[in-house]
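Input: a single structure, listed below in structure tokens.
None of the figures in this text is laboratory data; all of them are computed from the coordinates on show. Note that the structure is predicted; figures quoted are calculated from it, not measured. When we count neighbours, we look across all protein chains shown, and the Cβ atoms used for this are built from the backbone with ideal geometry, even at glycine.
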Amino acid sequence: MSIVVPAFNEQDCLRRLWIELETVVREEGSSFEVIFVDDGSTDGTWSIITDLSRTNPEVRGVRFSRNFGHQSALLAGLEHARGRAVITMDADLQHPPQLISEMIARWRRGVSIVSTRRLDREDVGFFKRLTAKLFYAMFSSLSETRIDHGKADFRLLDRRIVDLLLSMSEATLFLRGMVEWVGFSQEVIDFVPNPRVGGGRSRYTLRKMLVLALAGITSFSVTPLRLSFAIGVVTTLLSIAYAIFAVVSALQGQVVRAWTSVVCFFSFLFGVQFILTGVLSEYLAQSIVELKRRPRYIVSDSVDHISPD
Ligand code: UDP
Ligand code: MG
């Protein structure tokens, strides 16, 4: 069993998380490893990981050369994991380690993906809940992949699924979508998230959330590009109707009061035009990123006691 934990400035959580994980997984009786992926932390996260691994051979650590983001950290964990199943979870104990036994039990019964669904708590900000709901509704209507808005990045993946994910070489990562895209039998466990341990705010800034949302849409749907064609057709038809109206009025000698109508018309068309260019640019930008084939993360250090088998 491999447990992958991305950590970005989580010095206050890791020791507690390790203690809870150790208790749960030892009871389970499987041999296991915990892979902490330090996503370019600027606090003491890495020294805690190296400390933990010095005293516990099950602890492995991978350190990024800078902050590459949660998705890249999850990917690095999956790439380094050696288990027959891999569990991914957050470092801040919002994902209760006690659920792991249930996840493993279901996996032993033959379920390839055991996902979890976060039940909303009132103290999760209204803004975050609303934007998440809106995003997943939009995502599901634009792409063929469906994602429930409560699905968390706390899940167990069978080795077969992990290998499939690793065979997908895209640079723009949206693992939530990739897991759904792969298919296979899946079971979902509901849980109530704990409050974040270690104080501080979510490491997911608004900016990081927006980048993730955009990556999700551009890498899972080309519908916006097709929509822009439909919008183009509609505005063209409207323009033709308007032109006919203008010509007929002119021929009848009732020239339309020009300035206001022209300003309204042009600003509307330019608005639409710029939105469509914006949509196109997003896809172009993503294509450039994909074409460059840069590594998806860079490891600067690692600690590992387990000899490769
Ligand atoms: N995280 C990361 N890199 C980042 C941001 C977050 O590895 O750039 C990790 C973070 O340490 C945590 C997990 O991703 O283990 C989820 O982050 P957080 O708990 O802050 O997000 P939230 O619970 O608000 O979704
Ligand atoms: Mg959290």
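Just a few scattered comments:
- Charge context of PHE154, other residues only, Cβ under 13 angstrom, K/R +1, D/E -1: 0
- Residue-count net charge about SER169 - beta-carbon cut-off 15 Å; Lys, Arg +1, Asp, Glu -1: 0
- Taking the stretch 96-253 and dividing mean pair separation by its residue count, relative contact order in percent (alpha carbons under 8 Å, at least six apart): 31 percent
- Relative contact order of the chain, pairs being alpha-carbon contacts under 8 Å that are 6 or more residues apart, as %: 24 percent
- Taking every alpha-carbon pair under 8 Å whose residues sit at least 6 apart, the stretch 58-161 reaches a relative contact order of 41 percent.
- Relative packing of peptides 259-267, 58-66 - highest average C-beta neighbours within 10 Å first: 58-66, 259-267
- Taking the fewest neighbouring Cβ atoms within 10 Å as the starting point, the ordered list for ASP301, ASP190, ASP92 is ASP190, ASP301, ASP92.
- For the stretch 1-112: rounded, prolate or oblate by the Cα gyration tensor [a/c cutoff 1.5]: prolate
- Relative exposure of PHE245, PHE174, judged by other C-beta atoms within 10 Å (fewest first): PHE245, PHE174
- FRET efficiency, 1/(1 + (r/R0)^6) with R0 30 Å, evaluated for SER287 and ASP163 via beta carbons: 0.70
- Span-like helix ranges in the chain, DSSP H, alpha carbon extent 20 angstrom or more, Kyte mean at least 1.0: 206-220, 223-251, 258-292
- Modelled spin labels at ARG26 and TRP259, positioned 7 Å past Cα toward Cβ, are 8.3 nm from each other.
- Gyration tensor verdict on the chain (Cα atoms; rounded if a/c is under 1.5, prolate if a/b is larger than b/c, oblate otherwise): prolate
- Put simply, the amide H of VAL59, placed in the peptide plane, has neighbours under 5 Å in VAL34, leaving out anything fewer than 5 places away on its chain.
- Ranked list, fewest to most other Cβ atoms within 10 Å of each Cβ, for SER41, SER300: SER300, SER41
- Listed residues LEU210, LEU74, LEU175, most fluctuating in the chain (Gaussian network, C-alpha, under 10 Å): LEU210
- Computed from the C-beta positions of PHE184 and GLN252 and an R0 of 45 Å, the FRET efficiency is 0.10 to the nearest 0.05.
- Sum of side-chain charges, GLN11 neighbourhood, beta-carbon under 14 Å (Lys, Arg +1; Asp, Glu -1): -2
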